[in-house]
Amino acid sequence: MTTKVDAHRSKARWAGAAVLAAALGLSIGYLRAPGAPEPVRPARKASAPEAPPAAKRAASAAAASAKPPAGDPAPVIDGVEVEKSEVCAGEENLIAVRAHTTNGTDDHLHGVIGGHAGSRVPLRIWPDADGSYEMPVISVFGRNNVMRQIEVPRYTVKACKPERLVAVTHRLLPNTADEVELAARIVDVGAKDDPDARPFKPARYTWVFDDGESEETAAPFVTHSYERRPQTSLVSEFLLRVEVRGDAGEKLTGRALLQIPNMIFQNFAERGVVTVLATPTPRFPRQDGDGVVRQSFRLWHHRDAPVRIDAVTAVRHYIQAANSSPHEQASLGLAEIPPGQGVDVAVKLDTRGEPDVFTITYFLEGKTAEGYPARGTFSLMRPPPAPTKQSNIPVTEPVLLAKIKRARELLAQDFVTDEDIWRLEREGKMADLDGSPPRAPAR
C-alpha cells in the first residue's frame, strides 16, 4: 500500500596519499564503512533548558547571516510517499520525497531522510522498550544548501519483529572515483529468539544496481562501476537491491540508497570547466625491481566531441622538503582526448635517479570544441617501502595476527594489506577466527 501526503505543512612522509586522492577527484563522503549499519532509532524529543539572552541574540544573528541569497528560495516539498502503512519493528519502509524549486534549479536538489542521504530511503524504525517512537525528519536542500524540512508521515510500527533482515552496505574502492563495493549481511532478528526457527543458509545473491544492470554472485559482496552515469545534477541516486536465495529456496531482500556527488556537473555548472578524469591501472602504483614506478592512467571525459590538450605541466613533491618544485612542462604524447573510453597514457618515476621525489602530479589544460576550458590532474606516487624488522610495529593482537597469517597462506604473499584481509573476511575465509557466522564461500 502506498500512502501519499501533501506537503503543505613517519614524519608524515607518505602524506602524499592525500595528494593522490585529491588528484583523482575521489569523494567518499557518501559511502558507509564496511559492516552492517546500526538500525536508526529516531531521537526522542526532550525539553532543553532556557538559553540566556546573550545566547539568544548570538543565535539570532547567526540565523540572520545564514539567510539564503536572493534568487535561491527554499525548495517546495510536493509530497512524501510511504511504501507501507504498517511495518514490524526494524522492517524496511521505503520513503520517497518529491520536491521542486521555484527558480529552475532542480538539478541542485538533494535530501536527507532520518539521517540517511537521499530522496528514496529504505527507513527502519526501532521503537523504545515502551513501544513509543518518533517519526524522523526529512530535509530537502536546494542550491547553496537552502533547506526545507517536514516530518515523515506517521505510519504504524508494530511490536512484531521480522525473522531476519538483510543489511546492505557500500563503500568506494580505494584509488577509484566511481567503483563501489556492495556487501550484504544476514541479520537474525526474531529468529535468534525462536528455538524452532529454521537456519537460513545463503546460496546466491542477485544484485540490482538501479542503472539498468544486475549481477548474480555466490559471495555476499560485489563490485560495480558507476563511472558512466549521466552527471546532469549535483548528485546521482541509485536504490540498490539484493535478493538472497537460501539453499532451501527461501528468499530475503534488502535495499540501500547510494548517493554519489557529481564533480563533473559541479565543475561545469559553477565554474564553466569541463573535467578530465583519470582512472589508474593498476589501482595502486608498483615499483619494479629496477627501482622504477610505472602506472597507466586512462584519461577521459563526458563530452561528445574530442577535448584538445594545449598544455601539460608536472610538479614534483619531495620526501624531506615541505615545498614542491615549480610547474615544469611535461609530455604525455597526446594532442586530444577522444570521447567515450578516452586514451591511455603511461608515466613512470625512477626512484634511483630521483631518490628524493615521492609524487609527481600532472596538470592538463585544454579546450572543448565549443571553447569551454578543460582541466584535469592525476598523480604518480612512490609506493611506501616494504616493512622490515627494523621499520614496523609488530602485531600483537591475537585475532588480527591469525588473520594475517592465514591471508599470507591463502594468497601466497609475503605481505598482505588491509584490503586483502577484508576481502577474505567477506568471502567467509576468516569466520572461524573471529566467531562470526559462516558466510557463503566464493565459487
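The values are calculated or read from the model by the stated rules, or taken from the named source; none is laboratory data. Computed from a predicted model, the values in this text were never measured in an experiment. Counting neighbours? That spans all protein chains shown, and the Cβs are built from the backbone with ideal geometry, glycine included. The protein model used for the area step is the full one, side chains on, heavy atoms only, and it has no ligands, DNA or RNA in it. Shrake-Rupley method; radii C 1.70, N 1.55, O 1.52, S 1.80 Å.
Can you find even one residue in the range 221-233 that is part of a loop (DSSP other than H, G, I, E, B), open to solvent by 60 Å² or more (accessible area, probe 1.4 Å), closer than 21 Å to VAL121 by Cα and charged (D, E, K, R)?
no
Does the range 184-198 hold any residues that are closer than 29 Å to ASP420 by Cβ and either in a loop (DSSP other than H, G, I, E, B) or open to solvent by less than 20 Å² (accessible area, probe 1.4 Å) (or both), and which are they?
ALA184
Quickly run through the range 79-109 and pick out the residues that are over 21 Å from ARG241 (Cα atoms), within 23 Å of the chain's Cα centre (by Cα) and not acidic (Asp, Glu).
HIS108, LEU109
How many residues does the range 202-220 hold that are under 18 Å from LEU172 (Cα atoms), open to solvent by 30 Å² or more (accessible area, probe 1.4 Å) and either at pLDDT below 95 or hydrophobic (A, V, I, L, M, F, W, C) (or both)?
1
Among (1) open to solvent by 70 Å² or more (accessible area, probe 1.4 Å); (2) under 18 Å from GLY376 (Cβ atoms); (3) out of contact with any Ser or Thr (no Cβ under 8 Å at 6 or more places or on another chain); (4) assigned to a strand (DSSP E or B), which single condition is THR281 missing?
In the conditions (1) open to solvent by 70 Å² or more (accessible area, probe 1.4 Å); (2) under 18 Å from GLY376 (Cβ atoms); (3) out of contact with any Ser or Thr (no Cβ under 8 Å at 6 or more places or on another chain); (4) assigned to a strand (DSSP E or B), THR281 misses (3) alone.
Condition first: open to solvent by 70 Å² or more (accessible area, probe 1.4 Å) and within 16 Å of ALA386 (Cβ to Cβ). Now tell me which residues in the range 414-430 satisfy that.
ASP414, PHE415, THR417, ASP418
What number goes with the only condition from (1) under 24 Å from GLU328 (Cβ atoms); (2) surrounded by fewer than 18 Cβ atoms within 10 Å (Cβ to Cβ) that ARG286 does not pass?
That leaves (1) as the condition not met.
Here's a check for you: in the range 411-431, which residue that is part of a helix (DSSP H, G or I) and more than 30 Å from VAL292 (Cβ to Cβ) is nearest to the chain's Cα centre (by Cα)?
Applying the filter and picking the extreme gives ARG426.
It is to be established whether one or more residues within the range 112-133 are farther than 30 Å from ARG426 by Cα, of a type outside the set (Lys, Arg), touching a Leu at 6+ places or on another chain (Cβ under 9 Å) and not in a loop (DSSP other than H, G, I, E, B).
So far as the range 112-133 goes, no, none of its residues is farther than 30 Å from ARG426 by Cα, of a type outside the set (Lys, Arg), touching a Leu at 6+ places or on another chain (Cβ under 9 Å) and not in a loop (DSSP other than H, G, I, E, B).
Could you tell me which numbered condition LYS389 fails, if it satisfies all but one of (1) in a loop (DSSP other than H, G, I, E, B); (2) open to solvent by 70 Å² or more (accessible area, probe 1.4 Å); (3) under 19 Å from GLY289 (Cα atoms); (4) not hydroxyl-bearing (Ser, Thr, Tyr)?
The single condition LYS389 does not satisfy is (3).
List every residue pair whose Cβ atoms lie under 7 Å apart, where the two residues are 6 or more positions apart in sequence or sit on different chains, the first residue falls within the range 173-185 and is within 18 Å of GLU243 (Cα to Cα) and at pLDDT below 90, and the second residue, located anywhere, is open to solvent by 20 Å² or more (accessible area, probe 1.4 Å) and not in a strand (DSSP E or B).
Short answer, once both residue conditions are applied: none.
Determine if the range 92-114 includes at least one residue that is within 30 Å of PRO195 (Cα to Cα), at pLDDT below 95 and surrounded by 15 or more Cβ atoms within 10 Å (Cβ to Cβ).
no
So if I check each of ALA159, ALA167, ALA177, which one is of a type in the set (Gly, Ala, Ser), under 19 Å from the mean Cα position of the chain (by Cα) and within 27 Å of VAL82 (Cα to Cα)?
ALA167 is the lone residue from the list that is of a type in the set (Gly, Ala, Ser), under 19 Å from the mean Cα position of the chain (by Cα) and within 27 Å of VAL82 (Cα to Cα).
So the check is Cβ under 6 Å with 6+ separation or different chains; which pairs have a first residue in the range 125-153 that's open to solvent by 10 Å² or more (accessible area, probe 1.4 Å) and a second one that's in a helix (DSSP H, G or I) and at pLDDT 95 or above?
As it stands, the answer is ARG143/HIS108, since those pairs meet every condition given.
Of all residues in the range 309-320, which are exposed (fewer than 14 other Cβ atoms within 10 Å of the Cβ) and either at positive phi or at pLDDT 95 or above (or both)?
ASP310, ALA311 - these are the residues of the range 309-320 that are exposed (fewer than 14 other Cβ atoms within 10 Å of the Cβ) and either at positive phi or at pLDDT 95 or above (or both).
Looking only at residues that are farther than 16 Å from PHE297 by Cα and within 32 Å of the chain's Cα centre (by Cα) in the range 321-335, which one is least open to solvent (accessible area, probe 1.4 Å)?
Filtering the range 321-335 for residues that are farther than 16 Å from PHE297 by Cα and within 32 Å of the chain's Cα centre (by Cα), the one least open to solvent (accessible area, probe 1.4 Å) comes out as SER324.
Could we say that GLY272 is open to solvent by less than 50 Å² (accessible area, probe 1.4 Å) and among the small types (Gly, Ala, Ser) here?
So GLY272 passes the test.
Return the residue satisfying two criteria in turn: it lies in the range 234-269 and is touching a Leu at 6+ places or on another chain (Cβ under 7 Å), not in a strand (DSSP E or B) and not hydrophobic (A, V, I, L, M, F, W, C), and of such residues it is most open to solvent (accessible area, probe 1.4 Å).
GLN266
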